[in-house]
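Here is the structure we will look at, set down as structure tokens.
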Amino acid sequence: MTTAPALIVGVGDTDYPHDWALCRQGSARTDAYGYAVTAFNRALADAGLTKQDVDGLFVGTPLAYERTAEVLGLDMRWASSGDSAQALQDAVAAIAMGWADCIALIYGNDQRSAGTTYGGPGASYGDQFLSYVYYEPWGFTSQGALYALLWQRYKQLYDLDDRVLGEVAVAQRMHARLNPNAVMRAELTIDEYLAAKWIVEPLRLFDYTIVNDGGVVLLVSSADFARSKQLTARGVQMHGIGRYDLNVAATSMAPRLLDFYHNAHRQAATRAYDQAGVGPLDIAAIQIYDSFSVHVPIMLAGLGFADDTDIGEFISSGALRPGGRLPTNSSGGHLSESYMQGWGHLVECVRQVRGEAGDRQVNDARFVQYASDIAGKVFTTILGPAKE
Amino acid sequence: MTMRPAPRRSLFDDTFWWHVADGQLHLQHCSQCDNTWYPPGPACPQCAGETWTWQPVAGTGALLSWVTFHKTYFPTMPAPYTVVTCRTDEGVLLLTDTTADPATLHIDMPMVLQHYQAVDDTGTPFTLYRWEPADTPSVGRAPAHCPGTTHCRVNPGCR
């Protein structure tokens, strides 16, 4: 398969700990669109581009497309919208078709200051995922509960200790301690993890993400555009992309509980690895969409880094930690950096490939993988330096 | 009285809950390919067939997983409480709460469906159902709210 390559030529994000502190004081500095503007300006500065260079726009939920473009003053010749998994797919396709030369992928969220709820009456995204709201008469609500239900069955079938999930939280906190832009930077021990309160058992407090305000922008351009602006050397290419969605019996949670979404993991991984010409052993670091710690072992097993029967041992060996066999969520991820719904993970991939990740830089980060699994909709991509 | 959030209802959920209120549990069954599915909807997810009938389920199944809520999400439903998912003998996954002690639960244990009464946030009474371990003593006895229908398939033999 040959396609005209698209490159990520600029990234921008916001000051997560600073905005976290302001939100906690009840004095958020801006709204969802304002965070997006900050990230947009930083991404342009990162690439050395101006607003006039942008001719395509992808707007990430929960932002509204028209208002985002209005706030940024962008009349576009190509546009789309959706979640962080859809963003790169659409941008790569649009670049390949010649519909745009430089696309801004824009995300902003004021979920903390706006009091977005992910459980109980009025739970978010219930209009898109029926399982988020359908079982309210029995008190079953919150995306955390859906993953707790998955984990209970998985841990029983494979006889896993609670310390396996604890190690995910602990390892990601170790990464976060090396990231000045992570919200949670205090040391976390396994004993503190185990002593924390249950939320929905078998998940505890530190298995959950940090709901926070913020914005993220990625600039994706054609190879020709990047070359014309001398951006190829810092450009990051998506060498392989895979996607597979499980929808059959989704509300009754059959693919979640009977398959752990592994069929989608395998299908998406096979496409991405084949296209990139690499395999799990070539991956220097991985960023996994982690609304909950549970995502990490399930995804790693599904992608082929370990089997279900030995994923507990793989994680318990310290593989996910800084300096480990497979540094995982090297920014701290959703659990310790900030819940930017996958967008922050993509920025971290770019910084690792560029070698600009500071104290948390992974050695020889030639190929860094991103993988997300949002209710069985699986997306993964292998990022690496641009081919000249 | 047990307070619970009212069910979300599509057009097809109405018939489902009408059967529940009658002490039964019916699911849609495809007239073309014999598939049974949940939740209710306009067509068979297996063959996209638009011809189906409501068929009673046996009311028995096996435990797949469970969780215990320690955080209260609904003001009218204080934690802790336990929720289970079971696979019915017809092969469909159904999620409900349970009164069973979570420490006694294990994968594949046999479970049965029982009906019970609740009121929603507006004070309107409605009937719910839930999974209980098959050896629960109340199984086989008529619940106080039992409508006494002669064709009840949920608590067979209770009358």
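The values are calculated or read from the model by the stated rules, or taken from the named source; none is laboratory data. Bear in mind the structure is a predicted one, so any value in this text is a computation, not a measurement. Reconstructed Cβ throughout: ideal geometry from the backbone, glycine too, with neighbour counts over all protein chains shown. Keep in mind that these areas ignore ligands, DNA and RNA; they rest on the heavy atoms of the full protein, side chains included. Shrake-Rupley method; radii C 1.70, N 1.55, O 1.52, S 1.80 Å.
Residues of the stretch A:187-233 that become at least 30 Å² less accessible with every protein chain present than in their own chain isolated, using 1.4 Å: which are they?
A:Trp198, A:Ile199, A:Val200, A:Glu201
State the percentage of accessible surface on chain A attributable to carbon and sulfur atoms; use a 1.4 Å probe and exclude ligands, DNA and RNA.
Carbon with sulfur: 47 percent of the solvent-accessible area.
In what order, largest first, do A:Asp191, A:Asp75, A:Asp90, A:Asp83 sit by accessible area if the probe radius is 1.4 Å?
Of A:Asp191, A:Asp75, A:Asp90, A:Asp83, the descending order of accessible area is A:Asp75, A:Asp191, A:Asp83, A:Asp90.
For the stretch A:1-136, just say rounded, prolate or oblate: build the C-alpha gyration tensor, square-root its eigenvalues into a ≥ b ≥ c, call rounded for a/c under 1.5, and beyond that prolate if a/b exceeds b/c, oblate if not.
oblate
Considering the Cα positions of the stretch A:238-304, please state its Rg to one decimal place and its Dmax as a whole number of Å.
12.6, 37
Under a straight-distance cross-link criterion of Cα-Cα below 16 Å, which aspartates and glutamates are reachable from A:Lys229, leaving out those fewer than 8 residues away in the same chain?
Within the straight-line cut-off, A:Lys229 pairs with A:Asp46, A:Asp53, A:Asp55, A:Asp101, A:Glu388.
If I model the stretch B:10-56 as equal point scatterers sitting on the Cα atoms and use the Debye formula, what is log10 I(q)/I(0) at q = 0.14, 0.25, 0.26, 0.29 Å⁻¹?
Relative scattering, expressed as log10 I(q)/I(0), comes to -0.29, -0.84, -0.90, -1.05.
How big is the A-B contact in terms of buried accessible area, both chains counted, 1.4 Å probe, rounded to the nearest 100 Å²?
The buried area between A and B, both sides summed, comes to about 3000 Å².
Which value in nm describes the separation of the simple spin-label points at B:Thr136 and A:Asp310, placed 7 Å from the Cα toward the beta carbon?
For B:Thr136 paired with A:Asp310, the spin-label model returns 4.3 nm.
Give me the distance in nm between label points sitting 7 Å out from Cα along the Cα-to-Cβ direction at A:Glu66 and B:Thr104, one decimal.
It works out to 5.9 nm between the two label points.
Can you list the HN-Hα couplings for the stretch A:124-141, worked out from phi with the Karplus curve (6.51, -1.76, 1.60; θ = phi - 60°), rounded to whole Hz and with x for Gly and Pro?
Taking θ as phi minus 60°, the curve returns 5, 6, x, 6, 9, 10, 4, 5, 5, 10, 5, 9, 4, x, 9, x, 8, 7 Hz for the stretch A:124-141.
At a cut-off of 50 Å², which residues of the stretch B:12-46 become less accessible once all protein chains are present than in their chain alone, using a 1.4 Å probe?
Residues passing the criterion (a loss of at least 50 Å², heavy atoms only) are B:Tyr38, B:Pro39.
Rounded, prolate or oblate for the stretch A:211-252? Axes are the square roots of the Cα gyration tensor eigenvalues, ordered a ≥ b ≥ c, and the cut-off for rounded is a/c under 1.5.
oblate
How many partner chain Cβ atoms sit within 10 Å of a residue's Cβ in peptide A:271-282, on average, as a whole number?
Mean inter-chain Cβ contacts per residue within 10 Å come to 0.
Give the lysines reachable from B:Lys71 as a straight Cα distance under 18 Å; neighbours fewer than 8 places away on the same chain don't count.
Partners within reach: A:Lys197.
Tell me the relative contact order for chain A as a rounded percent, counting alpha carbon contacts under 8 Å between residues six or more apart.
23
Largest first, how would A:Lys51, A:Lys155, A:Lys387 line up by accessible area (1.4 Å probe)?
A:Lys387, A:Lys51, A:Lys155
Taking amide H atoms as placed 1.01 Å from N in the peptide plane, list the residues 5 or more away in sequence, or in a different chain, whose amide H sits under 5 Å from that of A:Ile199.
A:Arg204, A:Leu205
With Kirkwood's inverse mean 1/r over C-alpha pairs for Rh, give me the Rg to Rh ratio of the protein assembly as shown, two decimals please.
My calculation puts Rg/Rh at 1.00.
Taking only protein heavy atoms and a 1.4 Å probe, what accessible area per residue, in Å², does the stretch B:10-56 have with all protein chains in place?
Result: 47 Å² of accessible area for each residue.
Using only alpha carbon pairs under 8 Å that are at least six residues apart, calculate the relative contact order of chain B and give it in whole percent.
So the answer I get is 23 percent.
Per residue of the stretch A:66-82, what does 6.51 cos²θ - 1.76 cosθ + 1.60 with θ = phi - 60° give for ³J(HN,Hα)? Whole Hz please, x for Gly and Pro, Karplus curve as stated.
Whole-Hz 3J(HN,Hα) from phi for the stretch A:66-82: 4, 5, 4, 5, 5, 4, 8, x, 10, 9, 10, 9, 8, 7, 7, 8, x.
Label A:Ser124 and A:Asn263 with points 7 Å out from Cα along Cα→Cβ: what is the distance between them in nm?
The two pseudo-label positions are separated by 3.1 nm.
Taking 8 Å as the Cα distance limit and 6 or more residues as the minimum spacing, I'd like the relative contact order of the stretch A:1-128 as a percentage.
It comes to 30 percent, rounded to a whole number.
What do you reckon, how do A:Trp78, B:Trp66 stack up by accessible area (1.4 Å probe), largest on top?
A:Trp78, B:Trp66
Under the definition of partner shielding as Cβ atoms of other protein chains within 10 Å of a residue Cβ, what is the mean value for peptide B:98-107?
Neighbouring Cβ atoms belonging to other protein chains average 1 per residue here.
Which value, in Å² rounded to 10, gives the accessible area of B:Arg9 with a 1.4 Å probe and all protein chains present?
Counting only protein heavy atoms, the figure is 130 Å².
Tell me, what is the 1.4 Å probe accessible area of B:Ile107, in Å² to the nearest 10?
My reading of the accessible area for B:Ile107 is about 30 Å².
Determine the shape class of the stretch A:271-388: with a ≥ b ≥ c the square roots of the Cα gyration tensor eigenvalues, call it rounded for a/c under 1.5, and otherwise prolate if a/b is greater than b/c, oblate otherwise.
rounded
If we count every other residue with Cβ under 11 angstrom of A:Val347's Cβ, Lys/Arg +1 and Asp/Glu -1, where does the sum land?
With Lys, Arg at +1 and Asp, Glu at -1, the net is -2.
Assign unit charges at the C-beta atoms only (+1 for Lys and Arg, -1 for Asp and Glu), then state the dipole size of chain A relative to its Cα centre in Debye, rounded to the nearest 20.
420
So which residues of the stretch B:62-95 lose at least 40 Å² of accessible area, probe 1.4 Å, when you go from the chain by itself to every protein chain present?
Checking the loss per residue gives B:Leu64, B:Ser65, B:Trp66, B:Val67, B:Phe69, B:His70, B:Tyr73, B:Phe74, B:Leu93, B:Leu95.
Which value, in Å², gives the accessible area per residue of the stretch A:155-229 when a 1.4 Å probe is used on the protein heavy atoms?
Result: 39 Å² per residue.
Computing the accessible area with a 1.4 Å probe over protein heavy atoms, can you report the carbon and sulfur percentage for chain B?
Answer for chain B: carbon and sulfur cover 53 percent of the accessible area.
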